[in-house]
Amino acid sequence: QVQLVESGGGLVQNGGSLRLSCAASGRIRTINSMAWYRQAPGKQRELVAVVTSGSATNYVDSVKGRFTISRDNAKNTVYLQMNSLKPEDTGVYYCYMNSIGTSYWGQGTQVTVSS
């Protein structure tokens, strides 16, 4: 059974940085896209950043220039480096992986940015 385990969330001040990690364990075939989503209180889950199997990346406009998504295929791991954090970045961050049509989600990690 495949599980995604996230780490790196926490409380940080406005302008600070955090690095999220998400590692897939279990028997998983080639991973296509990897992504990070977030859900703020009272809002819908939104796509924050995605990286394809060819390492192409895309970001929601609100994080462009501040966040960087990357992947390590040998470790089945995806990262999200978050710099210049703002209070509006607060939420639960979920990692996502797609492998041959099957989707996997992490359990979520809380990111809180204080003003």
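The values are calculated or read from the model by the stated rules, or taken from the named source; none is laboratory data. Please read all numbers here as calculations on a predicted model, not as lab measurements. We place every Cβ from the backbone using ideal geometry, glycine too, and count neighbours over all the protein chains shown. Surface areas here come from the heavy atoms of the whole protein model, side chains and all, with no ligands, DNA or RNA. Shrake-Rupley method; radii C 1.70, N 1.55, O 1.52, S 1.80 Å.
Here are some notes:
- Extreme residue, positive dipole direction of the chain, given options 30, 110, 76 (C-beta unit charges): 30
- Here the chain is treated as a sphere whose radius is the Kirkwood value from Cα pairs; by Stokes-Einstein at 25 °C and 0.890 mPa s it diffuses with a coefficient of 174 µm²/s.
- Counting protein heavy atoms only, the stretch 27-99 has 44 percent of its accessible area on carbon and sulfur, 1.4 angstrom probe.
- All aspartates and glutamates inside 19 Å of residue 86 as judged from Cα atoms, apart from same-chain residues fewer than 8 positions distant: 46, 61
- Point-charge dipole on Cβ atoms (K/R +1, D/E -1) for the chain, about Cα centre, debye to 20: 180 debye
- Mean Cα-pair separation over length for the chain, i.e. relative contact order, pairs under 8 Å, 6 or more apart, %: 36 percent
- A Förster radius of 41 Å combined with the Cβ-Cβ distance from residue 5 to residue 84 puts the calculated FRET efficiency at roughly 0.95.
- Listed by chain and number, the aspartates and glutamates whose C-alpha is less than 13 Å from the C-alpha of residue 43, apart from same-chain residues fewer than 8 away, are 88, 89.
- A 1.4 Å probe run over the stretch 31-115, with the rest of the protein chains in place, finds 49 Å² accessible per residue.
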